[in-house]
Structure formats: structure tokens, C-alpha cells
1. Which one of T281, T338, T320, T344 is at pLDDT 90 or above, more than 23 Å from Q95 (Cα to Cα) and of a type in the set (V, I, T)?
2. Given the structure, is S288 in a loop (DSSP other than H, G, I, E, B) and modelled with pLDDT under 75?
3. Could we say that G240 is in contact with a Pro (Cβ under 7 Å, 6 or more places away or on another chain), at pLDDT 85 or above, surrounded by 18 or more Cβ atoms within 10 Å (Cβ to Cβ) and under 18 Å from Y123 (Cα atoms) here?
4. Restricting to the range 249-266, and then to whatever is in a loop (DSSP other than H, G, I, E, B) and under 26 Å from T177 (Cβ atoms), can you tell me which residue is modelled with the lowest pLDDT?
5. Collect the residues in the range 185-199 that are in contact with a strand residue (DSSP E or B) (Cβ under 9 Å, 6 or more places away or on another chain) and of a type in the set (G, A, S), keeping them in residue-number order.
6. Test S275 against the criterion of being modelled with pLDDT of 85 or more, of a type in the set (G, A, S) and either part of a loop (DSSP other than H, G, I, E, B) or within 18 Å of N116 (Cα to Cα) (or both), and give yes or no.
7. Can you name the strands (runs of 3 or more DSSP E) wholly within the range 163-217 that have at least 2 residues being modelled with pLDDT of 95 or more and touching a Pro at 6+ places or on another chain (Cβ under 7 Å)?
Amino acid sequence: MRTIRFDSIRSLFEISVRVRFGSPESNRTESNWRIFGSVSVSAASKFLLISRNQRYHFRENWFQFEICHALGSFVGTTTTTTTPLPLDSNACGKQTIKPKTNKLSRIFGGENAIANSWPWMIYYQQRKMCGSDVCYGVCSGTLTNANYIITAAHCVTTKNPADITLVAGMHNRMSTTEAITRQFRAVQSIHVHPAYDTTTNINDIAILRVSTPFTFNTYIQPACLPGIEPKPNEQIIIAGWGAQAFAGTVNDILKQASTKVVDKCDSWRSSLDSSKQICVTNSIDGSSACQGDSDGPILAQYNGQYIVSGIASYVQDCNTKGSTNSPNVYTRVAAYKTWIKSITN
């Protein structure tokens, strides 16, 4: 191992290091070293960026680090681009009826989707008891193939498949003229993620198998499972029958909104696991999910196909407008693709 002063570094590269802070006189003991893994070092920006999104400012006359390689074995790395996994099909994530492409209003304010332009949207209805009366909980889901939908685990509060009804091809919940577009299905089996945490909402995902496959047509099609993920600040679409205001009633007509992926969402929510969760917000117009949008998807388009990148998990407020309102949290579907495939295959 060798010790190198910062002023000998002239480029951006990745190394394995241990770091020592304070003056050379005050920090000579071994206990003053902190061990880290792979990091990036930039001489121009005057900080060391640790892999856990921690940043350490320093002065050149008292900051040191050690390269944890044998002398002479270190080779600087170059920036690489990760090749996205291929999609499962060339047919998924495509619509016959094209959606609106203009800037969309927030869901809770109201921009109606074009009927059946999001043909993988599923209306989830669960029968339950409210005191001595029968009532129904409402969520959304996403069709990923003819036999399965994915949804949020927190919506599935029953172990009895008979309590759940799924509707594909629906646009207006109250319409009496959608018989030609709608398909109703009973649920054959429920698969809630075994590690779902009701406190942190991590692993908030469930898979439902229908008793009879959906029939694909103009009004009903599957979305793609992730092969690539949206990047921070990338514009994506969210959709659902969610409420117009926090604690309000759900909408009759399917709505859609344009919003953006949030970088470093764990700065807003300390319990968030960015490898399994993804955040969205729109600080300009407040585009947001709300009650009733649970299980609704993040839809990102790549090469003409829409991918379900996230599942609405929890919101603190329906409005994400401004710099003080926290983003809304979605389950990151890509993190669960292996688990999904283990069931749906």
C-alpha cells in the first residue's frame, strides 16, 4: 500500500481507498482512518465522493488517502455505460390508440387520458367488511402478460382470491357503454412479496394470477417489464384513478400526468432504499399520485415501447409542487424482475 497526497491526482478515476481526516499531526493513529470501498476522486471539484452519496470537503494540506492495491498494480478506469437488458418482447408496451403527447396536468388536478390509450391499466377492486357493511377498496395494477398483473402489496389486504375483481379495458368507472372494451377477471392466486415491510414499505409489490387469461385486442395490451430504467430528471408518465385531493374520493375517469424521477431521494426519506424504490416529483406544477393511484405505474418509453418502471407505493401529500414538498415513492420494478419471472414463467 502507498499514501498519495491529493495534489498528485490530476484526473477522475475510481479506486479502493481508506480515508484520514484532520491535520497530519493530529491524525497519525490507526483509529483515525475510515475504510471505504470504490470511490470517485475529482481534483477539480475538491471533494471525495463516497459510494453512499456522502461528500467530504477538505484542504489539501491535511487530507490523505491510501490506494488499497499493491504498489504498481493500480490502473485508472474509464467511464463506461451499462448496456440495458433487452425487453422480453417486441410487442409489449405498444398501443393502438395513441396517448396524449402534450404536457400533462397533475393527476389530482385532472387531465383525462384518451380512452384505452394505456391498455395495460387494471382497475383493482377488493371486497372487504367495513364494520357490519360490505365495502370495496380500489387500487390500480399493470398487466404484464395475459395471466398476470403486478400491483402494490399494501393494496392486497386479503388472502382470499375470491375477494378481488380485476377489470381491464376500463376508462370511466361509471360508464355503462364500455361493455365492448372491458374484460372482468377473477383472481386465481395471490403472491405478495415475502419480505414486504409494512413499516418502511420496502418490497411493496404483489403479483396476481387471473383465473382466465385476458384476451389482447385494441383495448387491452401488456406493458413491458424493465430492461432499462429512467434516469434522474427524466420525464415519465404516471396514471391512475386517484383522488383530486388528499383524502378525497377517487376519480371516475382514468387520468395521466407527466412528472420526473428524483435523484438522491434518500435525502428526503431516510428509510428509503434506492436500490428497491424510486421517487418522482414535479416541483413546477405538482404532478403527483394520490389515493386511488396505489399500484399505478411509472411508465417510461424507450424505442416506442412503454415499460412499467415503478409501482405507486406511498405518498405524503398529493401535491409535490415546490422545493419543500417531498417526492412520492414507488417500488422499483427492475429490482424484482427475477422474483416476478420466478412466478410468471
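The values are calculated or read from the model by the stated rules, or taken from the named source; none is laboratory data. Here the structure is a predicted model, which is why all the values come from computation and not from measurement. Reconstructed Cβ throughout: ideal geometry from the backbone, glycine too, with neighbour counts over all protein chains shown.
1. T338
2. For S288, the condition - in a loop (DSSP other than H, G, I, E, B) and modelled with pLDDT under 75 - is met.
3. no
4. The extreme case among them is T249.
5. A186, S189
6. Spelling it out, S275 is indeed modelled with pLDDT of 85 or more, of a type in the set (G, A, S) and either part of a loop (DSSP other than H, G, I, E, B) or within 18 Å of N116 (Cα to Cα) (or both).
7. Correct list: 183-192.
For every residue, the table says whether it meets (1) in contact (Cβ under 8 Å) with a residue 60 or more places away in the chain; (2) in contact with a strand residue (DSSP E or B) (Cβ under 6 Å, 6 or more places away or on another chain).
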| residue | (1), (2) |
| --- | --- |
| T157 | no, no |
| A162 | no, no |
| E178 | no, no |
| Q183 | no, yes |
| N203 | yes, no |
| I207 | yes, yes |
| T215 | yes, no |
| G240 | yes, yes |
